[in-house]
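Some notes on the structure that comes next.
The values are calculated or read from the model by the stated rules, or taken from the named source; none is laboratory data. Worth saying up front: this structure is predicted, and the values here are computed from it rather than measured. When we count neighbours, we look across all protein chains shown, and the Cβ atoms used for this are built from the backbone with ideal geometry, even at glycine.
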Amino acid sequence: MTAPVTLQVNGRTATVAAEPDTPLLYVLRNDLALNGAKFGCGLGQCGACTVLVDGQPVRSCITELASVAGRSVTTLEGLGTLDNLHRLQRAFIAEQAAQCGYCIPGMIMEAKALLDRRAEPTEPEIRDALSDHLCRCGTHNRIVAAVQRAVREG
């Protein structure tokens, strides 16, 4: 049964009418026009759909809408603006960490959660945090360099 669900998305209140088991990813993309999170595998295994829920990274393709009711969701669009990019966004651009860019929103959101937990992670900690994210283009080294740059530029 479709019922209104209210959540906080990027600091704003959003109410959507959807089935409670609708994947959060679908609501973000289809109802709220937030297209940063990508549909990759649909099984929560690739990381392209990663967003933060109450500051914790979650795979939005397997997160039911009902489970985030009343909670805070942050997507890539909520990190910065075109005029004031988040330090991770600036670092990913500076390091040219994206080729196709499909995995990058999920990587940035996972990196954001890491930096929120640990201000100066080591390279192995960065690699470990991002190890479950798939990048078919093979820009893993540039992605790690981008996170390291964001740490340095704090």
>> Suppose the filter is under 10 Å from MET109 (Cα atoms), modelled with pLDDT of 95 or more, crowded, with 17+ Cβ neighbours inside 10 Å and among the hydroxyl-bearing types (Ser, Thr, Tyr); does THR63 pass it?
In response: no
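Give the range 116-154 a look and list any residue that's within 15 Å of ARG90 (Cα to Cα) and either surrounded by 14 or more Cβ atoms within 10 Å (Cβ to Cβ) or in contact with a Ser or Thr (Cβ under 7 Å, 6 or more places away or on another chain) (or both), or say none. Break it down into steps so the answer makes sense when it comes.
Going residue by residue through the range 116-154, those that are within 15 Å of ARG90 (Cα to Cα) are 142-154.
Scanning the range 116-154 gives ARG142, ILE143, VAL144, ALA145, ALA146, VAL147, GLN148, ARG149, ALA150, VAL151.
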>> Every residue in the range 128-147 that is among the polar types (S, T, N, Q) and over 18 Å from the mean Cα position of the chain (by Cα), please.
In response: ASN141
> Of (1) closer than 27 Å to VAL144 by Cβ; (2) at pLDDT 95 or above, TYR102 satisfies all except one. Which?
Replying inline: (2)
> With respect to the numbered conditions (1) in a helix (DSSP H, G or I); (2) in the same structural domain as ALA146 (by TED's automatic domain parsing); (3) surrounded by 15 or more Cβ atoms within 10 Å (Cβ to Cβ), which one is the sole condition not fulfilled by ALA98?
Replying inline: (1)
>> If THR2 meets every condition in (1) without any contact (Cβ under 8 Å) to a residue 24 or more places away in the chain; (2) surrounded by 18 or more Cβ atoms within 10 Å (Cβ to Cβ) apart from one, which number is that one?
In response: (2)
>> Residue under question is VAL51, and the condition is that it be farther than 17 Å from GLY101 by Cα and either modelled with pLDDT under 95 or under 15 Å from the mean Cα position of the chain (by Cα) (or both); does it hold?
In response: no
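What are the residues in the range 13-34 that are without any contact (Cβ under 8 Å) to a residue 40 or more places away in the chain and under 20 Å from GLY80 (Cβ atoms), if any? Give the derivation first.
Filtering the range 13-34 for residues without any contact (Cβ under 8 Å) to a residue 40 or more places away in the chain gives 13-15, 17, 25-27, 29-33.
ALA14, ARG29, LEU32, ALA33, listed by residue number.
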> Can you tell me which residues in the range 114-131 are touching a residue at least 12 places away in the same chain (Cβ under 8 Å) and either in contact with a Leu (Cβ under 6 Å, 6 or more places away or on another chain) or more than 18 Å from VAL53 (Cα to Cα) (or both)?
Replying inline: ALA119, GLU120, PRO121, GLU123, ILE126, ARG127, ALA129
